[in-house]
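No lab work stands behind these numbers, since they all come straight from the coordinates. Computed from a predicted model, the values in this text were never measured in an experiment. Ideal geometry is used to build each Cβ from the backbone, glycine not excepted, and the neighbour counts take in all protein chains shown.
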Amino acid sequence: MELYHVLNHSIEGRNLFLDSQDYARFIHNLYEFNDTRPADNLHRLFDPGMKDLGGLSFQRARKKLVEIHGWCLMKDHYHLLISELTEGGLVKFMMKVNVGYAKYYNERYRRHGHVFQGKTKKILIGNEVYFLYILHYLHLNPLDYLAGASKWRERDKGTIKNTKEALTYLDGYRWSSYFDYCGKKNFPSILTKDLFGNSSNNYQEEIEAYLKDVETSSSDDFILEYP
């Protein structure tokens, strides 16, 4: 099995997700488009007037193209951890996800043209160090929005000045697989946690220890983002 870190950014740095409906639509698409068969009528399955995301429908029988092992949605980009279940499944899945969301986005905001920056980037998780780091990396991305914590990637002493504050912020950000790994059901139907099974026992403690571990080697050797 090969594991890929998959990501794409918006064009012109615009926000991909302007409100909870946009986030929910993308999450719903991660479920609905993960199927070898054509998607059903998404307008029927997705209720834009829902409250507390209760309008999400995750009940259709599928033959999946990929397994999603982790994910995080940011304002202008997304991160996914994906392994293929069928040959060419990753490319087919991401094409459906990107095209489907772009169509929704342009229709909702009455615009035309590209929504994403370009071809989706996929990075093979090729060694154990990268594997052990990548799930944390995805889940810590929202710290970009926490004042004083935006340099968390640098892993130097003093980068995270208040671990408790950082954890509290992550506990309030539901647009990632962090909640589900912490045992708080969020969007479990799109996620496969077996690959990081040991993390399921007490993932929040793992994240806390990681944030406090200022002596860990820098991750500068990893290509984790666009230049």
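Computed over Cα pairs, the Kirkwood radius of region 61-103 leads via Stokes-Einstein (0.692 mPa s, 37 °C) to a diffusion coefficient of 292 µm² per second. How far is the Cα center of region 62-84 from the Cα center of region 130-149, in Å? If we compute the Cα centre of each part, the gap is 16 Å. Most tightly packed first, judged by the mean number of other beta-carbon atoms within 10 Å of their residues, the peptides 186-193, 66-73 read 66-73, 186-193.
If R0 is 35 Å, the Cβ-Cβ spacing of Leu167 and Ile11 corresponds to a FRET efficiency of close to 0.55. Taken over the alpha carbons of region 131-188 as equal point scatterers, the Debye sum produces base-10 log I(q)/I(0) values at 0.13, 0.15, 0.22, 0.23 Å⁻¹ of -0.33, -0.44, -0.89, -0.96.
Which of rounded, prolate or oblate describes region 104-214 when judged by the alpha-carbon gyration tensor and an a/c cut-off of 1.5? Write out the running numbers ahead of the final one.
Working: a/c = 1.60, a/b = 1.40, b/c = 1.14.
Prolate shape, in that a/c is at least 1.5 and a/b is the bigger ratio.
With the cut-off at under 13 Å, measuring from each backbone N in region 91-113 to a point 7 Å along the Cα-to-Cβ line of Asp19 picks out 108-109.
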